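The values are calculated or read from the model by the stated rules, or taken from the named source; none is laboratory data. Because the structure is a prediction, the values reported are computed rather than measured. Cβ coordinates were reconstructed from backbone atoms using ideal geometry, including for glycine residues, and neighbour counts include every protein chain displayed. Heavy atoms of the whole protein, side chains included, go into the accessibility calculation; ligands, DNA and RNA do not. Shrake-Rupley method; radii C 1.70, N 1.55, O 1.52, S 1.80 Å.
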Amino acid sequence: MSGQTITRSQLSEAVYQEVGLSRNESADLLESVLDEMSQALARGETVKISSFGSFSVREKGQRVGRNPKTGEEVPIMPRKVLVFRPSQLLKTRINKAATAGTGRS
């Protein structure tokens, strides 16, 4: 794995380069998209991005866990978790990139 992280500013710069908006407009557009996605997920809606994947919120029930140091049982409270499911196209792209990096075909 490369260990690199893409930041908001890099995404904003990519929008600036590809779309031709000003840097400020590109940053505002990115923030608007991310904000809309966040709001939809907070409402419990699924966000699907064609050829990329879908984000959804899943409810996890209460369960019993263990403290790894002491072995003591500890209740884990119910919570919501964010789930991402990549599209088949994204999976294919990732796998092609992985095999290209290893020299395998």
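Results, tabulated for the structure shown:
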quantity	calculated
Of all residues in segment 36-45 being within 14 Å of the chain's Cα centre (by Cα) and within 21 Å of Ala14 (Cβ to Cβ), the one that is least open to solvent (accessible area, probe 1.4 Å)	Met37
Segment 1-32, residues that are assigned to a helix (DSSP H, G or I), surrounded by fewer than 13 Cβ atoms within 10 Å (Cβ to Cβ) and hydrophobic (A, V, I, L, M, F, W, C)	Val19
Residue in segment 64-76 that is out of contact with any helix residue (DSSP H, G or I) (no Cβ under 7 Å at 6 or more places or on another chain), polar (S, T, N, Q), closer than 17 Å to Val33 by Cα and open to solvent by 90 Å² or more (accessible area, probe 1.4 Å) present	no
Candidate set from segment 77-96 (those that are assigned to a strand (DSSP E or B) and open to solvent by 100 Å² or more (accessible area, probe 1.4 Å)); member that is farthest from Gly61 (Cα to Cα)	Arg85
Among (1) without any contact (Cβ under 8 Å) to a residue 12 or more places away in the chain; (2) assigned to a strand (DSSP E or B); (3) over 18 Å from the mean Cα position of the chain (by Cα), the one test that Lys48 misses	(3)
Residue count, segment 51-76 (criterion: under 15 Å from the mean Cα position of the chain (by Cα), of a type in the set (Gly, Ala, Ser) and assigned to a strand (DSSP E or B))	3
Residue ID - farthest from Glu36 (Cα to Cα), chosen from residues in segment 47-63 that are charged (D, E, K, R) and either out of contact with any Pro (no Cβ under 8 Å at 6 or more places or on another chain) or open to solvent by 100 Å² or more (accessible area, probe 1.4 Å) (or both)	Arg63
